[in-house]
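Visitor: Below are the structure tokens for one structure; questions will follow.
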């Protein structure tokens with residue numbers, strides 16, 4: 001496959017419902033893991049975003065505990081143009097994936113749940129591509145075929161919405177996001193180590 005154009009960034013878009021808990025957490029964790037990697041852009045949006053809102057205080061507190069400061073970040077509504085320009089779209093549930101694809105059908109082969117994409121990353125042999133953007137391009141190209149091999153696991157892909165729930169749910173949800181993001185980062189930057 002053709003490597004990505006080194007002059008164009010590889011765009012990762014993370015999507016959830018309100019864009020104030022799960023998708024911004026994944027956005028910040030991916031950014032933190034890719035902070036020294038050129039050619040990568042990470043953003044998030046919501047299917048029914050609480051536009052202009054800050055990240056939920058419980059999630060912000062947990063990110064700060066990991067050394068990530070989400071101050072100044074605000075939620076945004078998913079825009080079809082954003083989906084079309086993204087190289088990969090990662091959702092928190094299968095239902096959200098279906099909603100993204102329904103709005104932008106051309107994104108079907110590059111839209112995944114975060115956990116599905118992490119599993120596909122772990123199962124894929126990306127070969128010698130060195131740049132993380134090229135590794136992601138190869139993974140997105142290979143993923144639709146690999147997806148069929150793990151269809152039985154699809155029911156386990158969803159990450160619950162913690163909004164309005166107790167602290168223990170926020171702890172569990174962030175741990176699940178952190179684990180999936182860590183797996184993706186380990187595949188993209190195999191010479192680095194990432195906390196899961």
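Just so it is clear, none of the values below were taken in a lab; they were calculated from the coordinates. Since the structure is predicted, the reported quantities are computational estimates derived from the model, not experimental observations. Virtual Cβ from ideal backbone geometry, glycine too; neighbours counted across all protein chains shown.
Visitor: Residue separation times 0.36 nm, minus the C-alpha to C-alpha distance between residue 160 and residue 66: what's the value? Please report the intermediate quantities before stating the final value.
Guide: Numbers: separation 94, 0.36 × 94 = 33.84 nm, distance 2.07 nm.
Residue separation times 0.36 nm, minus the Cα-Cα distance, leaves 31.8 nm.
Visitor: For the range 31-84, just say rounded, prolate or oblate: build the C-alpha gyration tensor, square-root its eigenvalues into a ≥ b ≥ c, call rounded for a/c under 1.5, and beyond that prolate if a/b exceeds b/c, oblate if not. Intermediate values should be presented prior to the final figure.
Guide: Working: a/c = 2.91, a/b = 1.11, b/c = 2.62.
Oblate.
Visitor: Give the calculated FRET efficiency between residue 106 and residue 168 to the nearest 0.05, with a Förster radius of 41 Å applied to their Cβ-Cβ distance.
Guide: Values: r = 39 Å, r/R0 = 0.96.
For R0 = 41 Å, the calculated efficiency reads 0.55.
Visitor: Shifting gears a bit: By how many degrees, between 0 and 90 and to the nearest 10, does the Cα long axis of helix 94-103 differ from the longest principal axis of the chain?
Guide: 70 degrees
Visitor: Efficiency by 1/(1 + (r/R0)^6): what FRET value for residue 95 and residue 141, r their Cβ-Cβ distance, R0 = 25 Å, to the nearest 0.05?
Guide: On the way: r = 25 Å, r/R0 = 1.01.
Once rounded, the FRET efficiency stands at 0.50.
Visitor: Please label the shape of the range 10-188 as rounded, prolate or oblate, based on the square roots a ≥ b ≥ c of the eigenvalues of the alpha-carbon gyration tensor (a/c under 1.5 means rounded; beyond that, a/b larger than b/c means prolate, else oblate). Kindly include the intermediate steps, with their values, before the conclusion.
Guide: Values: a/c = 1.45, a/b = 1.33, b/c = 1.09.
Rounded, because the longest to shortest axis ratio a/c is under 1.5.
Visitor: Between 87, 167, 134, find the one with the highest GNM mean-square fluctuation for the chain; connect C-alpha pairs within less than 10 Å.
Guide: In this elastic network of the chain, the residue with the biggest mean-square fluctuation among 87, 167, 134 is 167.
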